[in-house]
Every structure is written in structure tokens, then in C-alpha cells.
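Student: Please find one structure pasted underneath; my questions will follow.
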Amino acid sequence: MAVIRLSYASINVTDLDKAEQHYAHVVGLRTTGTSAGRVYMQAPDSQDHHCLVLNASDRAGLCHLGFKVSAHEDLQEAADKAVAAGLKVEWMESGTLLGQGEGVVITLPSAHRINLFHESECVGYETGMRDPDLVLERVDGVNPVSHLDHALIVCSNPDQTIRFLRDVLDFNLSECGAAPDGSLFLGFLSAGNTMHQLAIGPGPDGGLHHIAFYVVDRADVVRRTDLLKHRNVPTLEYGVTRHGVAGVTTVYFFDPSGNRNEFQCGAYETSGASGRVPSISWSMESLGQATFYYEASVPEQFYTVVS
């Protein structure tokens with residue numbers, strides 16, 4: 001079985017129109033489809049039908065995360081492994097989501113749902129698939145985002161979910177936070193060559209901390225922070241900063257419903273195969289440096305405010 005990558009995040013929003021405007025004009029995604037109560041959006045440098053699904057709801061938060069697998073046969077293998085691990089498994093019919101084939105939905109120990117699928121409609125790069133012009137018309141003073149990079153979810157017992165993804169679904173654990181007893185309270189996992197596509201930390205079961213979009217370079221994080229301030233979108237009080245984890249440059253902000261977003265760049269590459277390279281480990285005492293390298297401290301709301 002081979003999970004290829006994080007493909008999309010399906011999130012709940014309280015005002016569908018405002019959310020679409022935010023992800024189009026602040027984040028820079030394009031709308032690729034709509035259905036009853038849903039808007040589908042994609043980043044310029046991605047070809048599948050969507051990287052973000054917005055669902056009309058009475059509250060913000062995560063609906064589920066979608067991961068693409070290398071072959072249709074991988075779906076049954078994943079379902080069998082999840083059942084053997086005592087987890088709930090459901091099947092999503094082809095076409096339930098626009099442009100997407102059959103999927104197997106696994107409820108993780110953290111209470112989050114992940115949808116593994118193989119088939120997706122190809123909408124192509126926004127710059128075109130034949131004789132592309134690399135400059136988009138709607139750059140709005142900044143370079144386009146590249147892709148949906150990762151999501152950070154939270155739960156009461158991160159260790160169980162981290163170990164399931166690593167030991168059963170073969171995710172690579174690139175960095176982690178380990179307690180003195182060896183249990184994992186923080187994990188950064190990947191199914192590809194980037195250092196993480198899914199991060200798991202402490203918090204209420206089923207919680208969403210943020211979804212992150214990758215941008216060109218550190219200068220573009222600064223340009224996008226200028227854009228956020230210009231449009232009166234509040235950022236985390238630190239503004240532009242870096243993580244000790246991965247060393248990435250980052251800025252955080254919120255969509256109109258209260259889902260936290262991130263612009264980031266600079267993540268290193270990993271082997272892409274579970275267990276090939278030892279995981280970097282952070283202690284509880286170094287959590288401030290791991291989270292915010294410059295400040296070496298964490299604002300209280302960073303871990304307590306989730307959707």
C-alpha cells in the first residue's frame with residue numbers, strides 16, 4: 001500500500017460566500033466547482049480537481065482530510081488494516097465529491113476522518129497545460145501559492161494516532177515531541193518527500209489547528225503578510241517568524257469562520273519512506289523553540305484556539 005500525498009482538506013465554514021472570497025482573494029485559490037452547500041477550490045500549481053472543499057455549516061472545523069493512494073487496490077488494503085486495528089471504516093461512493101472517485105474513510109483514534117482515494121479529475125495547472133504563460137493575470141502583488149502543504153490536527157492522545165499512521169499506514173515520522181516515558185505528544189508525518197503533510201498535537205479530539213499553503217520563498221511570506229495587513233486580516237501577534245521544527249518561515253491568520261490558515265516556505269525534503277531516516281526529537285522543555293524559533297516562547301492562544 002502506498003499513500004502518495006495529502007490531496008485536500010475538507011473544512012466547515014459558517015458563511016460559504018465569505019469563505020470562498022477569502023480563499024480566492026487572500027489565499028489565492030481558484031474555484032473549480034460548486035454543489036449544494038459546497039465549494040471546491042484548487043491552487044495554481046496543482047492538477048487534481050481540488051485541494052480545498054468548503055462545506056456550509058453552523059460551525060467551523062475539519063470535516064475530513066483526503067489522501068491520494070497510488071493504486072485503486074490500495075483502498076481495500078487500507079480498509080483491512082484499519083479494521084484490524086479496531087478503527088471505524090466507511091466507503092465513500094464515486095462522485096460523492098465532485099471530480100473524485102471511490103474512497104475509504106477511516107476514523108482515526110483522534111476522532112478525525114481521513115479519506116483515501118485514487119481517482120481524481122485532472123483540471124490542470126492554472127497557467128495552462130499547453131504553451132503555458134508562467135505569469136498569472138491575478139497575482140495581486142504577490143506570487144501565487146504553490147499547493148496545500150499540510151494540516152495540523154489535535155487530539156487528547158496524539159501517541160495513538162501518530163503510531164497508527166506510522167506503523168500501519170507507513171507514514172514517515174520526520175520530527176516528533178517525546179515525553180520522558182517515550183510517548184509521543186507531537187508528530188510530523190509525511191507520505192511524500194516533504195518533511196510533513198500532517199502534524200498531530202495535543203488538544204480536544206477532532207480539533208483542527210490549521211491548514212497551510214506553501215509559497216515561493218521567505219520574501220513572499222513577507223509580501224503576503226503585507227497583503228494580510230492591507231486587507232485587515234489579523235495575524236498571530238508574532239507576525240512573520242520561523243519554526244524550530246523544519247526551520248520554515250511562517251505567518252498565521254484566520255479565515256472568516258475562524259479556521260486558522262498558514263503561509264509557509266522552506267520545508268526540507270525527507271526520504272519519503274517510513275523508517276529510512278531517524279526522527280528528530282523535541283523535548284517538552286524545548287517546545288517554545290520548536291514552535292517559534294526566534295521568540296522561543298508560545299502565545300497561549302496558539303495551542304488553545306482550535307476549530
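The values are calculated or read from the model by the stated rules, or taken from the named source; none is laboratory data. Note that the structure is predicted; figures quoted are calculated from it, not measured. Cβ placement follows ideal geometry from the backbone for every residue including glycine, while neighbour counts extend to all protein chains displayed. Calculation scope for accessible area: heavy atoms of the full protein, side chains included, ligands and nucleic acids excluded. Shrake-Rupley method; radii C 1.70, N 1.55, O 1.52, S 1.80 Å.
Student: Hey, how many Å between the Cα centroid of segment 1-37 and the Cα centroid of segment 51-98?
Tutor: Cα centroid of segment 1-37 versus Cα centroid of segment 51-98: 16 Å apart.
Student: Cross-link candidates for Lys88: which lysines have Cα within less than 30 Å, leaving aside residues fewer than 8 places away along the same chain?
Tutor: Within the straight-line cut-off, Lys88 pairs with Lys68.
Student: What share of all Cα pairs of the chain, in percent, falls into each consecutive 20 Å distance bin?
Tutor: With 20 Å bins starting at 0, P(r) equals 34, 61, 5.
Student: Count the DSSP beta bridges whose two residues both fall in the chain, then state the antiparallel fraction as a percent rounded to the nearest 5. The partial results should precede the final answer.
Tutor: Working: 54 of 75 bridges.
Looking only at bridges with both residues in the chain, the antiparallel portion is about 70 percent.
Student: Check cross-link reach from Lys18 to the lysines: straight Cα distance under 23 Å, and skip same-chain residues fewer than eight apart.
Tutor: Lys229
Student: Just to verify a number: FRET efficiency for Met129 and Asp205, C-beta to C-beta distance, R0 = 51 Å, to 0.05?
Tutor: That pair, Met129 with Asp205, gives E of 0.75.
Student: How big is the gap, in Å, between the Cα center of segment 231-307 and the Cα center of segment 117-190?
Tutor: 13 Å
Student: Residue by residue, what Karplus-based ³J(HN,Hα) values in Hz, rounded to whole numbers, does segment 62-70 have, using 6.51, -1.76 and 1.60 with θ = phi - 60° and x for Gly and Pro?
Tutor: Taking θ as phi minus 60°, the curve returns 8, 7, 6, 10, x, 10, 8, 10, 7 Hz for segment 62-70.
Student: What full-extension length gain, to one decimal in nm, is calculated for Ala111 and Ala296 as 0.36 nm per residue of separation minus the Cα-Cα distance?
Tutor: 63.5 nm
Student: Heads up, I need the accessible area for Arg59: 1.4 angstrom probe, whole protein in place, Å², nearest 10.
Tutor: 150 Å²
Student: Specify the residue with the greatest mean-square fluctuation among Asp217, Asp17, Asp131, computed from a Gaussian network of the chain linking alpha-carbon atoms under 10 Å apart.
Tutor: In the Gaussian network model the winner is Asp131.
Student: Something else now. Report the accessible area of Leu29, computed with a 1.4 Å probe over the heavy atoms of all protein chains in place, in Å² rounded to the nearest 10.
Tutor: So the heavy atoms of Leu29 present about 0 Å² to solvent.
Student: Return the distance in nm (one decimal) between the two label points of a simple spin-label model at Ser35 and Thr14, each offset 7 Å from Cα along Cα→Cβ.
Tutor: The modelled label-to-label distance comes out at 2.6 nm.
Student: Please give the FRET efficiency for Glu77 paired with Asp226, using the beta carbon to beta carbon distance and R0 = 51 Å, rounded to the nearest 0.05.
Tutor: After rounding to 0.05, the efficiency reads 0.60.
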